[in-house]
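Student: Dropping a structure here in structure tokens format, bear with me for questions.
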Amino acid sequence: MTQTAILDAFVRLLVEKGYAGLTIRDIALVAGVGLGTVYEYFPSKKSIAAHCIHQRFKGVGARMRASIEEKRGCPLPEIAAEILDGMLDMHMENSEEWSALIFLERQISDPPAYHALYQHIVDIWAEAFQASSDNGQYVGKSPDVVHAAAYGLLYQRLMSSPASVRENEFRQQLRALVLGYLLS
């Protein structure tokens with residue numbers, strides 16, 4: 001519970017002040033814990049940031065896997081649409097937080113951490129291919145390309161215009177991009 005309060009305080013302050021403008025003392029104050037308590041859980045502001053980013057993306061992966069299980073045995077376009085809708089719904093709930101975290105990820109993640117996180121999501125897309133009833137139709141199609149398309153469009157939009165991810169037109173564009181690739 002304390003760790004969650006610290007992470008929630010970090011994200012709230014990240015949106016309000018930006019990464020450079022927030023301190024461990026600010027985080028402790030907003031989380032309602034002592035400064036020493038924060039350091040018991042995290043040795044630095046960067047470790048809080050890294051943990052927060054990791055947790056958020058872990059949540060995306062869990063949501064994706066839930067979509068796969070819900071649609072297991074369906075055609076891949078149907079599974080992909082469910083995954084995209086779930087991802088978009090997640091990001092719409094707190095688009096300003098996601099925007100701040102995505103910018104921060106690019107500042108603090110070293111290449112191995114970034115690549116590991118990226119590969120984790122690509123692997124989940126590969127699971128979607130395998131879970132589909134028609135996976136033989138997609139020889140030559142790559143889970144990496146599907147993820148690059150979804151990630152690129154969604155995260156670029158979150159960085160440039162976070163509120164616009166709530167628009168139905170954006171949902172249609174995201175689906176058209178991914179499903180257009182799969183069905184081409």
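The values are calculated or read from the model by the stated rules, or taken from the named source; none is laboratory data. As the structure is a computational prediction, the values presented were derived from the model and not from experiment. Virtual Cβ from ideal backbone geometry, glycine too; neighbours counted across all protein chains shown. All accessible areas refer to the heavy atoms of the entire protein, side chains included, with ligands and DNA or RNA removed. Shrake-Rupley method; radii C 1.70, N 1.55, O 1.52, S 1.80 Å.
Student: How do 184, 109, 95 rank by accessible surface area computed with a 1.4 Å probe, from largest to smallest?
Tutor: Values: 184 100, 109 40, 95 0 Å².
Largest to smallest exposure gives the sequence 184, 109, 95.
Student: A further question on this structure: Let me have the 222 nm mean residue ellipticity of the chain computed from DSSP H runs of 4+ only, each contributing -39500 (n - 2.57), with the sum over all residues rounded to the nearest 500.
Tutor: On the way: 9 runs with 145 residues, N = 184.
Mean residue ellipticity at 222 nm (helix-derived): -26000 deg cm²/dmol.
Student: Taking a spot 7 Å from the Cα of residue 62 along the direction of its beta carbon, which residues of the range 1-43 have an amide N less than 14 Å from it?
Tutor: Those under the cut-off are 1, 4.
Student: Right, next: Among rounded, prolate and oblate, which fits the range 83-184 when a ≥ b ≥ c are the square roots of the eigenvalues of its C-alpha gyration tensor, a/c under 1.5 means rounded, and a/b larger than b/c means prolate? Kindly include the intermediate steps, with their values, before the conclusion.
Tutor: Working: a/c = 2.33, a/b = 1.33, b/c = 1.76.
Note, shape of the range 83-184 comes out oblate.
Student: Taking a virtual spin label 7 Å from the Cα of residue 29 along the C-beta vector, which residues in the range 66-98 bring their backbone nitrogen under 19 Å of it?
Tutor: none
Student: Please tell me the relative contact order of the chain in percent, rounded to the nearest whole number, where contacts are Cα pairs under 8 Å and at least six residues apart.
Tutor: 24 percent
Student: Any chance you could look up the accessible area of residue 160 with a 1.4 Å probe, heavy atoms only, rounded to 10 Å²?
Tutor: Counting only protein heavy atoms, the figure is 80 Å².
Student: I need the calculated FRET efficiency for the pair residue 130 and residue 55, taking r as the beta carbon distance and R₀ as 41 Å, to the nearest 0.05.
Tutor: Details: r = 26 Å, r/R0 = 0.64.
After rounding to 0.05, the efficiency reads 0.95.
Student: What accessible surface, in Å², does a 1.4 Å probe find on residue 74, ignoring ligands, DNA and RNA and rounding to the nearest 10?
Tutor: 30 Å²
Student: What accessible area per residue, rounded to a whole number of Å², is obtained for the chain using a probe radius of 1.4 Å? Before the final figure, lay out the partial values.
Tutor: Working: 8950 Å² over 184 residues.
That works out to 49 Å² for each residue.
Student: A further question on this structure: May I ask which of 45/141; 17/58; 58/141 have a Cα-Cα span longer than 30 Å here?
Tutor: Numbers: 45/141 40 Å; 17/58 25 Å; 58/141 25 Å.
In this structure, 45/141 exceed 30 Å between Cα atoms.
Student: Could I ask something else about it? With a 1.4 Å probe and all protein chains kept in place, how do 147, 54, 120 rank by accessible area, largest first? Write down the numbers at each step before the final one.
Tutor: Numbers: 147 5, 54 95, 120 70 Å².
The ordering from most to least exposed comes out as 54, 120, 147.
Student: On the protein heavy atoms, probe 1.4 angstrom, tell me the percent of accessible surface of the chain carried by carbon and sulfur. Each step should come with its number before you reach the end.
Tutor: On the way: 4810 of 8950 Å².
C and S atoms contribute 54 percent here.
Student: Run the 1.4 Å probe and let me know the accessible area of residue 71, rounded to the nearest 10 Å².
Tutor: Accessible surface of residue 71 is approximately 40 Å².
Student: While we're looking at this one, here's another question. If one computes the Cα centroid of the range 2-60 and of the range 114-173, what distance in Å separates the two points?
Tutor: A separation of 28 Å, based on Cα centres.
Student: Can I ask one more? For labels at residue 8 and residue 110 in the simple 7 Å Cα→Cβ model, what's the distance in nm?
Tutor: Result: 3.2 nm between the two label points.
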